[in-house]
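Read the structure below first, then the notes.
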Amino acid sequence: MCQVDEEYNGHLEKISLPTLSKKCVKCKDGTAVLIIRVGDAFCRDCFKEYFIHKFRAMLGKNRVIFPGEKVLLAVSGGPASSSMLSQVQEGLSRDAPKKLRFVPGIVFVDEGGACGLSVEERQRAIAQLESIFREKGFPYHVVHLEQVFSLPGSVLEAVSSAPEQPGSSYKAAVDQFIQNSRGEHGLMEPSVEDAESGFAQLSTQDPTYPTEHRLALERLLASVRTLTAKEDLLQTLRQHLILHTARVHGYTKVMMGDSCSRLAVKLLSSISLGRGASLATDTGFSDTRYGDVVIVRPMRDYSSKEIAFYNRMFNVPSVFIPGLDTKTPEKASIQRLTESFVTKLQADFPSTVSTIYRTSEKLHSARTPQSAITDLTSKCLLCMCAIDTNTEEASAFNAILVSERLSQSGLRETAPHTQAQALPTESPGQCCSSGGQGQGCGSGDCCSSAQSSVTPDLKGLLCYSCRLTIKDMTAVETLPQYIMTEAEKRQRRLRMKMEISEFLLDDEESGE
Amino acid sequence: MPVQCSSCTKKRAVLKRPKTGHSLCKDCFFWAFEEEVHQTIVSARLFNRGETVGIGASGGKDSTVLAHVLKVLNERYDYGLKLLLLSVDEGITGYRDDSLETVKRNQQQYELPLKIVSYEELYGWTMDAIVKQVGLKNNCTFCGVFRRQALDRGAMMLKVDKICTGHNADDVAETVLMNVLRGDIARLRRCTAISTASEGEGAIPRCKPLKYTYEKEIVLYAYFKKLDYFSTECIYSPNAYRGHARTFLKDLESVRPSAIVDVIHSGETLSVKEGVKMPVQGTCSRCGYISSQALCKSCVLLEGLNRGLPRLGIGKHHRLHGKILAQQPLTQQEERKLKAIDF
């Protein structure tokens, strides 16, 4: 077991920095101003060119954004997303033949209510951001986290988009896109005026939200016991808000500013949170879990260091807004711990981030039931990734269920001579939707709340990782209404499916 | 205030399970611990009746507990297995000789046959001699590669059907993290498998019955059962990089105790993109052992030792395999690279 680490020491060892060469390695002419990677000293102009090229190369390589498509830029105010905003502006403003041709809009989610900021602090941050957004001239949407309490249940539905064949050419896809948008809107490319009128209309949005929602958010967060779960929940709610904003305003792509440093942390913390099955969706370039709205991550090739240098050199403004984990100790949450672990390791072994990040490129989501994109019960209620708890009998998931069952009262007499076949192979629904056929579930908390109709039992509707998050909550009913409503709906549907199960022909199996 | 056992609800609880957080009394803990291993064995179909199973025994806590539990379960559930202990003597003075004494005591306590294979008889080198040539850096590569094969060779001598090792949940989770940090996608995919039965011929299947058992619970079990085990770190293992993964995992566990199983779950559910290059399993053209290259790692390492070029097996020198096979001398330049142990 221990031999594996030693073989690679040569690659992982710290390499001492070479002395600053005075000239840029690229043009061999300009004075070098920074070192990007070990040994690569760039001058200001070459760095700018390199940085801009990287962004456009990322979009060019992946070719998922169509001309005239409405793209929502998710900007948090931090360096990476601010840098992304400036790259989009740069790409659109240019007269060069390779001008970017999509129609951008901006969304900012104000999470001050969750992070304990005062009303004034929140307003100040929003004002700062608005002035940046206005300067860019793109339409923007400021959404408050409190608005999750007025989201409709339909947010949680993954709508299947036009079937995209991976093999089909980009050009065909573009043609189809243009045809679709003609049919829908009767125009090919929204003109600049459209964008501007949209801008005028949106920026006058009323920034207030009802007090009851503010209190509901406080109650919700108070019921979450750990910061790990809080951060996870916040992330989920934020995604729902962005998704909703995109859908309401007709955006079909959302750009997130995750840098490669960020993604490395995200990958490792996802693993630690049990999100292995959705790693590829969580960290890949394009994320199609929502169906009609695709998340893209064009900043995933930049390290946070590059971004910081660029922002500083070319005066890209960003706004610092304290988040949930700001100023918390290292062990406050799994996400925080992972971040500090990766950052520290990166300092000693400079290839850490890129190695982790490259791992993400080799993964794809394990269970993606192609046919089942519209089958809601196969997707997690919260993160909307494929549910990963239909594991084999011998799995970590079942092992922990066994452990919990064995450590609880009153079961000792029944279990000793059970064979494996008697083990509950829990599949969502079977166990929980039937409302407590005690046989399979034991008296585990699996079915305990299923009988009460007030709080639907969420477990069966969630993926492994989101179960952990919900487990850290003391009062599940504090979740926003749209989640609870959708949960009830899915449960009814599962129950229905159970009743008719013997008459259904198994179509999923045949596909494999 | 005494806490009541959450399982039997009668006796006083003496411990809080690291895995689930439940408070249990001694008996209920033993029962739950053994039962979980049993469920793992049954649900993963690790053994078949009548098989001879070699338990990789180092004298440490994991293998001691494994041997104990397997013996208990074999009797309780009548698996019909023939169990025996299999130890490898790496030849590390002051470490392995002491731990082997523990194994010998275990042999008597559990009344299981014991077979010890030594590096010296298999390879002609003890770890002490290897370290003398290689230095303290990278010596774990030799030890690890040799041990894997030594265990197999010992198993073949005893005509064992399966080998089981004491790898626990922490070890598996740590390996998942480690492989992510190293970007080793091939190992990442394999490392969570509970048994290597699918690896085909040439190798004896191995399994990890303690795969879902927390290290802390193993210590608790050994402590309350008053099992006799040896607990000293190997004197030659500085193990820098794995240490990072280990510390990280322990920290994760302290933030959220389920993290260990969560990491394993992640490892079990992630899958690799098609088209990513994976090593193909073949056999070593010199010794016939499984290998993804023309020569297996242990033959390369051995060749390096015998030629006085210890770095031959460290890092990747696949180009040189042809030359080694043909018994050709290396060029001076090649030799220079492989000789120097730089500090």
- Among the listed pairs A:Lys379/B:Lys19; A:Lys471/B:Lys273; A:Lys171/A:Lys305; A:Lys98/A:Lys171; A:Lys26/A:Lys136; A:Lys70/A:Lys136, give every one whose C-alpha distance is greater than 24 Å. A:Lys379/B:Lys19; A:Lys471/B:Lys273; A:Lys171/A:Lys305; A:Lys26/A:Lys136
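Given the rule -39500 (n - 2.57) for each run of at least 4 DSSP H residues, summed and divided by the residues of chain B, what is its mean residue ellipticity at 222 nm, to the nearest 500 deg cm²/dmol?
After summing the helix terms and dividing by the residues of chain B, the value is -14500 deg cm²/dmol.
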- Item | Sites matching trypsin sites (Lys or Arg not before Pro) across region B:132-173 that sit in DSSP coil, with at most 14 neighbouring C-beta atoms within 10 Å | B:Lys159
- Spacing of the two label points (7 Å from each Cα toward its C-beta) at B:Asn48 and A:Glu477, in nm: 5.5
- Where B:Lys277, A:Lys489, A:Lys54 fall by accessible area, highest first, once all protein chains stay in place (1.4 Å): B:Lys277, A:Lys489, A:Lys54
- Message: Run the simple label-point estimate for A:Gln179 and B:Thr247 please: 7 Å along Cα→C-beta, distance reported in nm.
- Response: 5.9
- Message: I need the phi-derived Karplus couplings for region B:163-180: 6.51 cos²θ - 1.76 cosθ + 1.60, θ = phi - 60°, integer Hz, Gly and Pro marked x.
- Response: 10, 10, 10, x, 4, 9, 4, 4, 5, 5, 4, 4, 5, 4, 4, 4, 5, 5
- What accessible area per residue comes out for region B:15-269, rounded to a whole number of Å², with a 1.4 Å probe? 35
- Note on the structure: Here, trypsin sites (Lys or Arg not before Pro) of region A:225-309 satisfying both criteria (DSSP loop; at most 14 other Cβ within 10 Å) are A:Arg225
- Whose amide H sits under 5 Å from the amide H of B:Leu83, counting only residues 5 or more places off or on another chain, with H placed in the peptide plane? B:Val53
- Query: Gaussian network model of chain B, Cα springs within a sub-10 Å range: biggest mean-square fluctuation belongs to which of B:Ala186, B:Ala57, B:Ala203?
  - Reply: B:Ala186
- Three principal axis extents, largest first, for the C-alpha atoms of chain B, in Å? 75, 42, 37
- Task: Could you check what % of the DSSP bridge pairs in region B:15-269 are antiparallel, to the nearest 5?
- Result: 15
- Once the Cβ-Cβ distance between B:Glu274 and B:Ala186 is put in as r, and R0 is 22 Å, what FRET efficiency do you end up with, to the nearest 0.05? 0.95
- Please report how far the C-alpha centroid of region A:19-82 lies from that of region B:14-37, rounded to the nearest whole angstrom. 55
- Query: Around A:Tyr140, which amide H atoms from residues at least 5 apart in sequence, or from another chain, sit under 5 Å from its own amide H, with H modelled in the peptide plane?
  - Reply: A:Ile106, A:Ser203
- Here the FRET efficiency for A:Lys23 versus A:Arg358, based on Cβ atoms and R0 = 35 Å and rounded to 0.05, is 0.70
- Query: So, in nm, how far is label A:Asn62 from label B:Gln327 when the simple model puts each one 7 Å beyond its Cα toward the Cβ?
  - Reply: 5.7
- Query: Within a Cβ distance under 10 Å of A:Arg225, other residues only, what is the Lys/Arg minus Asp/Glu net charge?
  - Reply: +1
- Task: For A:Lys305, put the label point 7 Å out on the Cα→Cβ axis and report which residues of region A:257-299 keep their amide N under 17 Å from it.
- Result: A:259-265
- Query: Once phi is turned into ³J(HN,Hα) by the Karplus curve 6.51 cos²θ - 1.76 cosθ + 1.60 with θ = phi - 60°, what whole-Hz value does each residue of region B:303-313 show in order, with x for glycine and proline?
  - Reply: 4, x, 5, 5, 8, x, 10, x, 7, 4, x
- Item | Sequence-distant residues sharing a close amide H with B:Ile235 (under 5 Å, placed H) | none
- Return a whole-number percent for the relative contact order of region B:15-269, with Cα pairs under 8 Å and 6 or more residues apart as the contact set. 25
- If R0 is 60 Å, what FRET efficiency do you get for A:Val33 and B:Phe224 from their C-beta distance, rounded to 0.05? 0.40
- Note, ³J(HN,Hα) from phi for region A:80-89, Karplus 6.51, -1.76, 1.60, rounded to Hz, x at Gly and Pro: 5, 6, 5, 5, 4, 4, 5, 5, 5, 4
- Task: Could you rank the peptides A:329-338, B:258-267, A:458-467 by their average count of other C-beta atoms within 10 Å per residue, with the highest value first?
- Result: B:258-267, A:458-467, A:329-338
- Message: Give me the dipole magnitude in Debye, nearest 20, for chain B about the Cα centre, with unit charges on the beta carbon: positive for Lys and Arg, negative for Asp and Glu.
- Response: 500
- Have a look at region A:333-351 and report residues whose accessible surface goes down by 30 Å² or more when the remaining protein chains are included, against the chain on its own, probe 1.4 Å, ligands and DNA/RNA excluded. A:Ile334, A:Leu337, A:Phe341, A:Leu345, A:Phe349
- With every protein chain in place, what's the accessible area of A:Phe177 (1.4 Å probe, Å², nearest 10)? 40
- Query: Given q = 0.15, 0.21, 0.23, 0.27 Å⁻¹, what are the Debye log10 I(q)/I(0) values for region B:283-339, with equal point scatterers placed on the Cα positions and solvent ignored?
  - Reply: -0.36, -0.72, -0.86, -1.17
- Message: If you average the C-alpha positions of region B:219-266 and of region A:104-125 separately, how far apart do those two centres end up, in angstrom?
- Response: 42
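The values are calculated or read from the model by the stated rules, or taken from the named source; none is laboratory data. Bear in mind the structure is a predicted one, so any value in this text is a computation, not a measurement. Ideal geometry is used to build each Cβ from the backbone, glycine not excepted, and the neighbour counts take in all protein chains shown. Just so you know, the surface numbers come from the protein's heavy atoms only, side chains and all, with ligands and any DNA or RNA stripped out. Shrake-Rupley method; radii C 1.70, N 1.55, O 1.52, S 1.80 Å.
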